[in-house]
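Peer 1: For reference, the structure I am asking about is given below.
The values are calculated or read from the model by the stated rules, or taken from the named source; none is laboratory data. Keep in mind the model is a prediction, meaning the values are calculated, not measured. Neighbour counts are summed over all protein chains in view; Cβ atoms, including those assigned to glycine, are modelled from backbone coordinates with ideal geometry.
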Amino acid sequence: MSSDIVIQVKNLSKKYTLKHPVKDVDGNVTYEHWALNEVSFEIKKGEAVGIIGPNGSGKSTLLKILSGITKPTSGSVEIRGRVASILDIGAGFHQELSGRENIYLNGQILGFKRKEIKQQFEKIVAFSGIGNFINEPVKNYSNGMYLRLAFSILVHLDFDIYLFDEVMSVGDAEFQLKSHKKIEELIQFGKSIILVSHNSKELEKFSRQIFLEKGGLVPTEEINLTHYLEKSMISQNNINIETKNCKIEEFKPSHPIDLVELKQVILKQNEDKNAPFFTDLPLILEIEYIKKKSNQTLDLLISISNLNGDILFSSSPFIGGSFNQKTEAENPRIQCEFPSNFFNSQIYSLHIWFFKNLDQSLSNQNHSFTSKTFLNEKKIDVSNAYKNVIQFKPTFRKNGLVIDLSSLNIYGALLPQLKWTEI
């Protein structure tokens, strides 16, 4: 193994014997389950590698073998350096001892001298945020406190390799943010990181990904992060992705229908109904709805979110439309145009909102007009909300040539056309 390699996995396989028979992919009855099958890869010093794959693909089994918890059936694993694993987090804790005593006990079990632990003690306690209870027995800790302390011990002691499973996001939102920043700090210090996660934001920060499927390694040229996450999200949520002109006429509002009824929503790009959406052409959105009370002022707003549910932007005739939002028609039909080279080649979700007396609500309460306001549905009077009305994905095209931007590692939620000049 060369000097820059810290983990070398060769032909790694793990077989479990089952108590009850199952059928394999060929339909044969078997009592064997191969969680891993002939997996080989190398990880260099200072590399941050994400491991992804569907449930049952062998991700957790791989981490257990790398951390020494489980032995492989065949193959070999060679590791150079100290390894910290989130899988055995808190394994050295004694329930009757205090948090202070457990820091030293856990650190010594992990192979560190008392002097080394003492040098990091204050940082461990401060990071965990449980300083007021550090002298209390850990049996009285909540699960969050227990995990925060255990995580703090791992990331503040000097390991060479860190193995994190999905359970790395422990504690509340504030502590999760701290833990993510700490991992980024470890990467900057040249530590080798392996992370199992389905969070695309975490994985995109890593230098590369390892894909597992049915216990085997999927060649990187056959799959990429964006495609995997899209496929996983579609299968888990059973959603239908529109890729060409579409008309939606059945809706499930998240609020009671009282003042308005959404009649139809059309998303189109041209008159050819069979042509796919392309990034280099404008997208036209048509919305038709019925006002149930002709004297009621209603304001419409749309928002676009990405695959993770993050709102990318919101728009409304009230904000910058070319007509008065206080339409007198009882059956309004309005249109919005998205310019060419605006959307990236990703999956988006369209949400439609209706508000009562929006201008009056905002002027009286001095609310900022943000997507967060609309999502919370608390600041202003929401009459109806139709979420995930359309989920669509354009295909990137340049000069008539279809190009997979994800294969070029060109990321970003939107793809605006910016003006570039030579200076």
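Peer 1: Being of a type in the set (Lys, Arg), over 30 Å from residue 137 (Cα atoms) and within 25 Å of the chain's Cα centre (by Cα): is that true of residue 59 here?
Peer 2: Yes; evaluated as a whole, the condition is true for this residue.
Peer 1: While we're on this one: Tell me yes or no: at least one residue of region 99-106 is more than 30 Å from residue 132 (Cβ to Cβ) and charged (D, E, K, R).
Peer 2: no
Peer 1: When both residues are 6+ apart or on different chains and their Cβ atoms are under 6 Å apart, which pairs have a first residue that lies in region 59-84 and is among the hydrophobic types (A, V, I, L, M, F, W, C), and a second that is in a strand (DSSP E or B)?
Peer 2: 63/163; 66/163; 77/9; 79/7; 83/161; 84/162
Peer 1: Restricting to region 267-301, name every residue that is surrounded by fewer than 20 Cβ atoms within 10 Å (Cβ to Cβ) and within 15 Å of residue 387 (Cα to Cα).
Peer 2: If the condition is that a residue be surrounded by fewer than 20 Cβ atoms within 10 Å (Cβ to Cβ) and within 15 Å of residue 387 (Cα to Cα), then no residue fits.
Peer 1: If we scan region 124-135, do we find a residue that is of a type outside the set (A, V, I, L, M, F, W, C), without any contact (Cβ under 8 Å) to a residue 12 or more places away in the chain and under 26 Å from residue 176 (Cβ atoms)?
Peer 2: yes
Peer 1: Quickly run through region 8-31 and pick out the residues that are out of contact with any Leu (no Cβ under 7 Å at 6 or more places or on another chain), part of a strand (DSSP E or B) and not basic (Lys, Arg).
Peer 2: Listed by number, the residues that qualify are 8, 9, 11, 16, 17, 18, 20, 21, 22, 29, 30.
Peer 1: Out of all the residues in region 278-304, which are of a type outside the set (A, V, I, L, M) and closer than 30 Å to residue 402 by Cβ?
Peer 2: Within region 278-304, 278, 279, 280, 282, 286, 303 qualify.
Peer 1: On to the next question. Only one of these is within 26 Å of residue 183 (Cα to Cα) and not polar (S, T, N, Q): 97, 18, 63. Name it.
Peer 2: That would be 63, the only listed residue that is within 26 Å of residue 183 (Cα to Cα) and not polar (S, T, N, Q).
Peer 1: Can you find, within region 188-242, the residue that is modelled with the lowest pLDDT among those that are in a helix (DSSP H, G or I) and of a type in the set (Gly, Ala, Ser)?
Peer 2: Checked region 188-242; the qualifying residue modelled with the lowest pLDDT is 200.
Peer 1: While we're looking at this one, here's another question. Quick check on this structure: which one of 36, 66, 62, 18 is more than 17 Å from residue 214 (Cα to Cα), hydrophobic (A, V, I, L, M, F, W, C) and either modelled with pLDDT of 90 or more or assigned by TED's automatic domain parsing to the domain that holds residue 106 (or both)?
Peer 2: 66
Peer 1: Could you check region 374-409 and list, in sequence order, the residues that are basic (Lys, Arg), at pLDDT below 75 and assigned to a loop (DSSP other than H, G, I, E, B)?
Peer 2: Across region 374-409, the qualifying residues are 378, 379.
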